[in-house]
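Comments concern the structure below.
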Amino acid sequence: MTLRKEMPANIATIRPLYLQLKEQIRSDILNGTYKAHTQMPSESEMVRIFNVSRTTVRQALRDLQTEGLIFKIPGKGSFVSRPKAVQDLVSLQGFGEAMIAKGYETFSTFIGSKDGISNNIAAQKLHLDLSDIMELRRVRYLNREPISLDVTYVPANIGRTLVLEDLATKDIFSLLENKFGIPLGKAELQIESVLADETLSRLLKIEEGSPILRMERLTYSANDVPIDYEHLFYRGDALKYMITLQRHARNDK
């Protein structure tokens, strides 16, 4: 476990020390420096390492516990929680876009593609023949742990170019808009709960039968043409969604 040895001196007069300390520890949790369920340094160790008061340490840890990033076990100390990433379902965003904006570390591993598929539903959704569709498979990581398996179906002419791109760090949504000049418009989304099979268990490093959030998403271009159909399998212990619902104003007479 690596800790920075001192707080940035140039901002000491701008923000309270406990906020600086809290944000530093929070960053180390989100980027995977502190692993889930590992024990944090003791208050005395933090006082020595960061050269701050015990009051500053306690206030920073109290805030982190309120945020759900750490938990305390009486008599043993503070431990790192397995934080659930929160994605707001208020706009059409790729997972990487949403997580990077919140300060999380995320990347993908490209695990394969198939030119020409046997998924009739994907063909119906994209209004294409099976031979004109490419399947792309990626494992998405959050804070250096696998969080989802993404199975993406796109027109084959687009897929053949996508596999040449840096899919480890770039979202397909961004590539569609910036590489292919296809502005995106809307998406239809379905979410259900399923159980992890052997493949998901192996790829996501979870027990077989663990809860999975299965998302089916069909994304359209701004011209209302279906362009991207996906099956997204998220670990149930690692992600939650926030949806803001607004009631239409009544037109009272």
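Tell me whether region 54-73 contains one or more residues that are modelled with pLDDT of 85 or more, small (Gly, Ala, Ser) and loosely packed, with under 15 Cβ neighbours inside 10 Å.
No, region 54-73 contains no residue that is modelled with pLDDT of 85 or more, small (Gly, Ala, Ser) and loosely packed, with under 15 Cβ neighbours inside 10 Å.
So, in region 206-241, how many residues would count as being among the hydroxyl-bearing types (Ser, Thr, Tyr) and under 12 Å from THR152 (Cβ atoms)?
Matching residues across region 206-241 total 2.
Restricting attention to region 74-102, and to residues there that are among the hydroxyl-bearing types (Ser, Thr, Tyr) and modelled with pLDDT under 85, which single residue is farthest from TYR141 (Cα to Cα)?
As a first pass, look at region 74-102 and keep what is among the hydroxyl-bearing types (Ser, Thr, Tyr): 78, 81, 91.
Now drop any that are not modelled with pLDDT under 85, which leaves 81, 91.
Working: SER81: 17, SER91: 22 Å.
Looking at residues that are among the hydroxyl-bearing types (Ser, Thr, Tyr) and modelled with pLDDT under 85, I get SER91.
Of the conditions (1) surrounded by 20 or more Cβ atoms within 10 Å (Cβ to Cβ); (2) modelled with pLDDT under 90, THR244 fails just one. Which one is it?
That leaves (1) as the condition not met.
Return the pair list, or none, for Cβ contacts closer than 9 Å from residues in region 50-65 that are assigned by TED's automatic domain parsing to the domain that holds ALA36 and among the acidic types (Asp, Glu) to residues that are part of a helix (DSSP H, G or I) and surrounded by 14 or more Cβ atoms within 10 Å (Cβ to Cβ), at least 6 apart or on different chains.
ASP63/TYR18; ASP63/LEU19; ASP63/LYS22; ASP63/ARG26
Please work out which residue is nearest to ASP129 (Cα to Cα), limiting yourself to region 141-176 and to residues that are in contact with a strand residue (DSSP E or B) (Cβ under 6 Å, 6 or more places away or on another chain) and free of Cβ contacts under 8 Å to residues at least 60 places away in the same chain.
Checked region 141-176; the qualifying residue nearest to ASP129 (Cα to Cα) is ALA156.
I need a count of the residues in region 103-120 that are polar (S, T, N, Q) and modelled with pLDDT of 90 or more.
The total comes to 4.
The values are calculated or read from the model by the stated rules, or taken from the named source; none is laboratory data. Only a predicted model underlies this, so the values are computations on that prediction, with no experimental measurement involved. Here Cβ is always computed from backbone atoms with ideal geometry, including for glycine, and neighbour counts include all displayed protein chains.
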